[in-house]
Structure formats: C-alpha cells, structure tokens
Amino acid sequence: DQLGPTVCVGEILVEIVATTVGNGFMEAQSLIGPFASGAPAIFISQCGRLGGSAAMIGAVGADDFGRVNLERLKGDGVDISAISVDPDYPTGSAFVRYREDGSRDFVYNIATSAAARFGWSEDVSNLIGRAGHLHVMGSALSVPSACGVIDKAVDIVKARGGTLSVDPNIRKELKLDEATERRFARLVAKADLLLPSGEELERAAGVEGEANAIRRLFEIGVKEIVLKRGADGATYYSREGESIDAPAFVVREVDPTGAGDCFGGAYLTCRRLGMSPTDALTYAAAAGARNVTVVGPMEGAGTREQLDAFIAATERRS
Ligand code: ATP
Ligand code: MG
C-alpha cells in the first residue's frame, strides 16, 4: 500500500428504492432513500471502510444528494479531494423497484447529471500523480468524460509502478460502440486483477466457455482473476493454473445491489494490504454477503471489525 491510494473513477449517484415489490413507477408509491450509490462509489466505500487508503474521482451536484455522497465517503475515510461539485447540474440518481421475479425497473438520471460531468483537473492530476492503484468499472466507460480520465490515469499509474483492476460490470446484452469496445479490451489486457461476474467472464475474454475464457485472459496479459457467482460463491484463478473456491456465506438476501462492488473493494484492499488470495477471498465473500442483508446499495459495507464479527458468526455454504 506504500505506493499510494487505491483510486476509483466513475459515476456517483443516489439510489431511491421502492419499498414494495412490483412493476415500475406508474402509480404513486412509497420509496426509501436517498442512499449513496454508484458502482464505483460502492467499491471505494468498501475499500475505505476496510482501512485501505482510498480516493474517488467523479462529480456530484451542489445539492443534498451530492452532500449525502460526500459525507458518506468522507466518513468512510475516502479522500474526496478529486470529487468535483458541479454548480449547474443535479447529482445523478437512480430510482429502483424490484419485480416479483427479482428483476428490476429503473428510472435513471445519470447521463444528464453531474455524475457524467467531470474531467481531468488539477485535483485529479494531483491525486493520480500519487496513486498506487486504479480500479475501473465497465459501467463508467459509458460516460465519455470518465473515459478521458481513465485513459490518462491508467498510463500514469502503470508508469509509476502502480496496478490496475477491472470489474467488467457490463451486461452481456449491452452493446458498446466500437471505440468503447476497444477501450474495454485494452483495459482488460492491462488488468492486474479482473473481477468479472457470471457471463461477464466470457464477454471480457471474447470466447465461449469458462475454461477457454480464463486461458484466453491470461494469454492477453491479465495477472489474476476472481470470478463472482452470487450466492454460489466465487473462484480465484492464477496464471500458474491454481484455483481457489470461496463458498458464499449463508445470509438472508434483502437487497442484492452492491454485492459485487463490496466483494471487489474488499478483495482488492486485502490483497493490497498483503493478504493471501485465500484470506482476501474470505473477507471479500463476507463483504458481499453482509452488504445484501441491508437495504441500500452500500449500507452494509463492513469495517474490518464488522467483517471479522460477521465471519465468526456466519455459516458458509459447502
Ligand atoms: P452486482 O449486483 O453488485 O453487480 P455482481 O454480479 O458483480 O453483483 P455477485 O456475484 O452478485 O456480484 O456478488 C459478489 C459476491 O458477493 C459473491 O461472489 C458472493 O461471495 C457474495 N454474495 C452475493 N450475493 C450473495 C448472497 N445472496 N448470499 C451470500 N453471498 C452473496
Ligand atoms: Mg457486478
């Protein structure tokens, strides 16, 4: 961790959740929120709570939704010096309602919010100049201004001996434009750690079949892969052909949002703090599982003490 903080770039939002299960927002209904959110923000919150040196690049509006996020991240120990406050645009938001079958309806305001309006600045430059690790979420690649920052930041961080992690976080159906697809492929090839979930593994590799995908990803340069499988756990793969299964903890899932981001933030932080893959997987699985027991995308992100208590008290699936 000596080299400098883990930095995450991307969208910062509030999430507002329907309190009942059903279809969409066509009638007046009860909602709960705002909760601090955005996949990159959830990731970095978990890093900070776990005691890793962490910093965020993004933007919020000059409104309470923005202040909810800034206070939250600051309270988690995250360096917020490179989060800008947009004077003209509101903080990004996502309204979410779960359907009976577990799928979700969304009303988003991201592309035309402060969340998408940030770029290279003096504060960003100062932060990247001392960063030790960069984490990129695939979801941030659909934000043009984030891409500019990511492209520049990857080169600087790598040149000073830092590392890169990538969570593809792109649904298989989502078609990216050609430039974004190429940028995504370039980032994957440079990843020291890849954190795909389910079929994102094959999408990132560009080939069918899990074993083929793993082989291909190591061929193109990835150093370490952890595949997330929701309640079925996760698996670590090394270039040397080693694999380690991490069974999930047994919990009652109340809100699945953010599991993968907390898992990734915890895994990366533990690895950067010097833990073995096995120990990092245990904390990561605990972080993901604990987060789904609480309503709100990052409300269940745990501190080291909370995760130790959770691990001691919770059964794992076999
Ligand atoms: P996200 O919805 O945040 O994008 P993801 O698809 O990236 O999630 P998941 O595989 O859903 O990631 O979750 C990451 C990890 O969190 C899993 O590997 C598992 O260890 C833990 N986890 C997720 N859901 C559950 C659950 N219901 N019970 C126990 N552990 C869970
Ligand atoms: Mg994910």
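Key figures for this structure:
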| item | result |
| --- | --- |
| Distant-in-sequence amide H partners of Ser53 (H built 1.01 Å from N, under 5 Å) | Thr6 |
| Within the chain, percent of DSSP bridges classed antiparallel, to nearest 5 | 45 percent |
| Candidates per GluC sites (Glu not before Pro) in region 121-194, loop by DSSP, up to 10 other Cβ within 10 Å | Glu173 |
| Calculated P(r) of region 165-311 - Cα pairs past 20 Å, % | 46 percent |
| Furthest towards positive pole of dipole, Ser197, Gly230, Ser276, structure part region 192-292, Cβ charges | Ser276 |
| Taking the C-alpha atoms of region 158-201, convex hull volume expressed per residue in Å³ | 65 Å³ |
| Estimated 222 nm signal from helices in the chain, with DSSP H stretches of n ≥ 4 weighted -39500 (n - 2.57), rounded to 500 | -11000 deg cm²/dmol |
| Positive-end residue, the chain charge dipole about Cα centroid, Cβ charges, pick of Ser318, Ile244, Val9 | Ile244 |
| Cα lying deepest toward the dipole's positive end in region 107-193, options Gly162, His135, Ser121, charges on Cβ | Gly162 |
| Nearby lysines by direct alpha-carbon distance to Lys223 (threshold 19 angstrom, same-chain neighbours under 8 apart not counted) | Lys158, Lys190 |
| Surface/4 of the Cα convex hull for region 207-281, nm² | 5.7 nm² |
| Net dipole in debye of region 231-318 [+1 Lys, Arg Cβ; -1 Asp, Glu Cβ; about Cα centre; nearest 20] | 120 debye |
| Qualifying trypsin sites (Lys or Arg not before Pro) in region 52-121, DSSP loop, other Cβ atoms within 10 Å at most 14 | Arg99 |
| Diffusion constant of region 99-249 at 25 °C, which comes from Stokes-Einstein with the Kirkwood Cα-pair radius and 0.890 mPa s, µm²/s | 147 µm²/s |
| In Hz, Karplus ³J(HN,Hα) per residue of region 107-124 (6.51, -1.76, 1.60; θ = phi - 60°; x = Gly, Pro) | 10, 9, 10, 10, 4, 10, 10, 4, 3, 9, 10, 8, x, 5, 9, 5, 5, 5 |
| Inverse of mean 1/r across different Cα pairs in region 75-116, Kirkwood, Å | 12.6 Å |
| Debye, to nearest 20: dipole size of the chain, +1 on Lys, Arg Cβ, -1 on Asp, Glu Cβ | 560 debye |
| Taking only Cα atoms of the chain, radius of gyration then Dmax in Å | 18.3, 55 |
| 17 Å tail of the calculated P(r), region 1-59, as % of Cα pairs | 52 percent |
| Computed Kirkwood radius, in angstrom, where 1/r is averaged over Cα pairs of region 28-106 | 13.7 Å |
| Burial ranking of peptide ranges 20-33, 127-140, 280-293 (average Cβ count within 10 Å, highest at the top) | 280-293, 127-140, 20-33 |
| Assigned charges on the beta-carbon of Lys, Arg, Asp, Glu; region 265-314 dipole about Cα centre (debye) | 140 debye |
| Enclosed volume per residue, in Å³, of the convex hull spanned by Cα atoms of region 57-187 | 131 Å³ |
| Residue-by-residue Karplus 3J(HN,Hα) for region 46-52, coefficients 6.51, -1.76, 1.60, Hz, glycine and proline x | 5, 4, x, 4, 7, x, x |
| Under 5 Å, built H, 5+ apart or other chain: amide partners of Glu224 | Leu193, Leu194 |
| Per-peptide average of other Cβ atoms within 10 Å, ordering 79-90, 185-196 highest first | 185-196, 79-90 |
| Cut-off under 5 Å, modelled amide H: who pairs with Ser197 long-range | Asn169, Lys228 |
| Accessible area per residue, Å², region 237-277 with all protein chains present, probe 1.4 Å | 45 Å² |
| Cα Rg over Rh - region 240-303, Kirkwood | 1.00 |
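The values are calculated or read from the model by the stated rules, or taken from the named source; none is laboratory data. Note that the structure is a prediction, hence the values are computed from the model and not measured. Positions of Cβ are generated from backbone atoms using ideal geometry, with glycine treated the same way; all protein chains shown enter the neighbour counts. Only protein heavy atoms, including side chains, enter the accessible area calculation; ligands, DNA and RNA are left aside. Shrake-Rupley method; radii C 1.70, N 1.55, O 1.52, S 1.80 Å.
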